[in-house]
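Inspection log for the structure reproduced underneath, given as structure tokens.
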Amino acid sequence: MSQAIPTDFKPEVDSILEATVYLYTESRRITKEVARRVELTGPQVTVLKVLEGVGDLSLSELSERIRAQNSTVTGIIDRMEREGLVVRARSTEDRRVINIRLTEKGAKIAREIAVEPMEVFRSALESLSPDEMQELFKILTKIAVRVKTIVKRDIGAHARDTKEPRERGP
């Protein structure tokens, strides 16, 4: 069981939570505005920018990078493929793997998207010293791991609690 946060830290905790919500909300707002300008959805813009930055990715790698379920990303990629923004291409290293690759049309749109949340945040992070950056990374990683653990535990408990008993056959 985790320790409760001392009440004298409540203002700091509240400020951290407010900053986190602000960063998330601002990220969504920027993405939505950029997406509207290029007539795409926010997730499609995110996929374009990720693929532009790192190159071809498998569906599971892409899902991990944009923090979405494989099934969700499959739907996004299906629509983007129909619009000629990406193609599925078999990996040359492992024929079992299908990579997602930008088409020329997708790459052109990605290049036209100048301002997106990752760039804004990357620019803001440049104001930190290397030591501050390392400490922030360490702290955020620790929080992310803890959140994943809590979510997995709570979702698992909820699934167990909401399962209806199955009827037995004859």
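Quick rundown of the values:
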item: Complete set of residues in region 33-64 that are farther than 23 Å from R95 by Cα, surrounded by fewer than 21 Cβ atoms within 10 Å (Cβ to Cβ) and among the polar types (S, T, N, Q); result: T41
item: Among (1) in contact (Cβ under 8 Å) with a residue 60 or more places away in the chain; (2) exposed (fewer than 12 other Cβ atoms within 10 Å of the Cβ) - the single one R90 does not satisfy; result: (1)
item: Count of residues meeting criterion [in contact with a Lys or Arg (Cβ under 6 Å, 6 or more places away or on another chain) and either of a type in the set (K, R) or closer than 28 Å to K148 by Cβ (or both)] in region 48-103; result: 3
item: Matching option when the condition is in contact (Cβ under 8 Å) with a residue 60 or more places away in the chain and more than 18 Å from R122 (Cβ to Cβ), among L23, L40, L17, L48; result: L40
item: Index of the failed condition, M80 passing every other in (1) assigned to a loop (DSSP other than H, G, I, E, B); (2) touching a strand residue (DSSP E or B) at 6+ places or on another chain (Cβ under 9 Å); result: (1)
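Every number here is computed from the coordinates shown, using simple stated rules; none is lab data. Note that the coordinates shown come from a computational prediction; the quantities given were computed from them, not determined experimentally. Quick reminder, even Gly has a Cβ in these numbers, built from the backbone with ideal geometry, and neighbours come from all protein chains shown.
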